[in-house]
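Below: one structure, written as structure tokens.
The values are calculated or read from the model by the stated rules, or taken from the named source; none is laboratory data. Remember, predicted model here, so these are calculated numbers, not experimental data. Ideal geometry is used to build each Cβ from the backbone, glycine not excepted, and the neighbour counts take in all protein chains shown.
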Amino acid sequence: MTTVEQNAPTTARIINIHGQKLATGLYWQNLTTTIQVNKEIIRVGREAGADMKCVPSVRNPLQAGYITRAELAGMNNVRSLAGGLAEIHTGSWLGMFKMPDDSGQYYFIAIQNDHILATSDIVGELDEIKMEFEQTLSVGGWQYVTVPEGLNYPGSTVIHSTLAEMLTKRRAPKIKALEFKLEHLPIRRILYLLSAVAVLTVAWLVYTNWQEEQEQKRQEEIRRLIQERASAQAILPPWTKSVPVERFLNTCEDEFQAVKHSIVGWELKEWGCESHQTTASYNKAPMASVVQFMNTVPGSSFSAAGNQAAHITPIAMQANGSRPASRGMTAKAAIMDYAENHVLKVVFTPAPLLQPLPGNEAPPPPPWTLENVTFDSSYPIFGLIELARVPGLIIKRISATKDNADWKWHMDGEVYAVQ
């Protein structure tokens with residue numbers, strides 16, 4: 001039997017199906033990064049103002065749903081209704097279900113390529129849910145739709161079903177705390193944790209003396225290796241393994257010409273180019289659709305407010321070296337002369353020296369000096385091909401920001417000089 005918890009708050013509904021407490025109303029977000037995923041999940045949750053998360057089974061890109069503990073009315077062992085439906089029924093499909101109570105309200109879910117759309121997992125009156133359902137249906141690309149008896153949508157494969165029929169006894173993904181906090185643990189688990197800490201503390205005290213001896217040996221070995229490498233001049237100059245300036249400028253120009261400046265009502269606001277990727281940030285115009293943007297540009301990420309979107313495109317530039325560095329002020333003087341002749345704003349900043357770890361001797365300085373340099377211009381920066389003649393110049397990033405109808409251009413680089 002399917003029942004609704006009486007103490008569930010209005011911002012999130014909690015129902016019981018097959019012995020599972022299932023919540024609706026999570027905020028779903030795709031995560032584009034594959035590095036430090038847990039930190040990214042926590043960061044997005046904080047921006048959304050949530051303290052609970054749900055991460056369905058592994059998919060590409062990873063997806064997480066967010067909700068607050070208050071919306072769950074303090075209940076424990078609550079699972080995600082949308083997460084369970086997405087794991088059991090894969091592909092791209094839409095669902096509209098009557099809520100199993102006397103409210104007469106309906107539940108809407110949209111699964112696109114195994115991912116839950118951020119505009120779904122909601123409960124509302126029939127007219128509201130039908131409007132959201134039909135607007136999403138018009139985007140196209142759905143394998144089938146699931147609706148209550150009496151509703152039909154010609155041109156679509158229609159399945160009549162209920163939530164209880166769609167869900168099996170397989171467990172839906174659990175909603176957990178966004179971050180580990182001791183006060184969220186039951187007292188028994190806290191006692192187990194304290195016991196484990198006590199055991200580990202004793203083991204650590206026994207281990208400390210041996211560890212200190214090993215650390216001393218390791219530090220001596222590190223000092224020896226640093227001295228050997230310095231004496232053998234094993235460090236390769238950075239300009240020998242960088243992307244040539246002309247190739248960097250030409251590749252970024254091709255990428256900027258290829259990027260779409262307007263996508264279904266979303267306008268390009270910021271753009272950046274590095275040796276391994278380009279980034280494009282869009283602002284949402286009034287009446288533009290998040291769903292249409294997601295369908296047009298898969299894998300994009302969105303701000304918590306849903307009015308900004310970002311997309312990363314991997315690229316690969318061959319790094320076979322820039323012009324070798326010269327002595328003294330040759331490169332810096334050439335850049336200043338070039339900037340004066342081409343109305344460029346150039347700023348040089350000395351690079352900070354690397355500090356050794358405490359207790360370690362500082363390694364000998366490399367036989368070159370480094371300064372960071374930035375270029376700013378109101379004109380496209382791709383035409384600065386003559387900079388390829390500057391010895392020891394490396395370009396790290398080109399970016400552009402749209403100011404009304406004009407673009408402001410910026411370039412980050414490094415300048416090396418041999419001593």
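Things worth noting here:
- When the residues of segment 220-245 are filtered to those that are modelled with pLDDT of 80 or more and not charged (D, E, K, R), the one that is nearest to Pro366 (Cα to Cα) is Pro237.
- For segment 243-279, the set of residues classified as in contact with a helix residue (DSSP H, G or I) (Cβ under 8 Å, 6 or more places away or on another chain), free of Cβ contacts under 8 Å to residues at least 40 places away in the same chain and surrounded by fewer than 20 Cβ atoms within 10 Å (Cβ to Cβ) consists of Ile263, Val264, Gly265, listed by residue number.
- Of all residues in segment 21-49, those being of a type outside the set (A, V, I, L, M, F, W, C), over 10 Å from the mean Cα position of the chain (by Cα) and closer than 22 Å to Asp114 by Cα number 5.
- Of the strands (runs of 3 or more DSSP E) lying entirely inside segment 61-103, those carrying at least 2 residues that are in contact with a Lys or Arg (Cβ under 7 Å, 6 or more places away or on another chain) and either hydroxyl-bearing (Ser, Thr, Tyr) or crowded, with 16+ Cβ neighbours inside 10 Å (or both) are 62-67, 78-80.
- In segment 109-124, the residues that are within 13 Å of Gly83 (Cβ to Cβ) and crowded, with 19+ Cβ neighbours inside 10 Å form Cβ pairs under 6 Å with partners that are at pLDDT below 90 and not polar (S, T, N, Q), at six or more places apart or across chains, as follows: Ile111/Ala86; Ile116/Ala86.
- Test for Tyr338: is it in contact (Cβ under 8 Å) with a residue 12 or more places away in the chain, under 27 Å from Leu393 (Cα atoms) and surrounded by 17 or more Cβ atoms within 10 Å (Cβ to Cβ): yes
- Glu71 being of a type in the set (D, E, K, R) and touching a Gly at 6+ places or on another chain (Cβ under 7 Å): yes
- Restricting Val44, Val55, Val37, Val4 to residues that are of a type outside the set (Asp, Glu), touching a Pro at 6+ places or on another chain (Cβ under 9 Å) and at pLDDT 80 or above narrows the list to Val55.
- Counted residues, segment 398-411 - those being under 24 Å from the mean Cα position of the chain (by Cα) and surrounded by 16 or more Cβ atoms within 10 Å (Cβ to Cβ): 6
- Residues that are in a loop (DSSP other than H, G, I, E, B) and at positive phi do occur in segment 31-53, at least one of them.
- Qualifying residue in segment 302-323 (condition: on the phi > 0 side of the Ramachandran plot and either outside any loop (DSSP other than H, G, I, E, B) or touching a helix residue (DSSP H, G or I) at 6+ places or on another chain (Cβ under 9 Å) (or both)): yes
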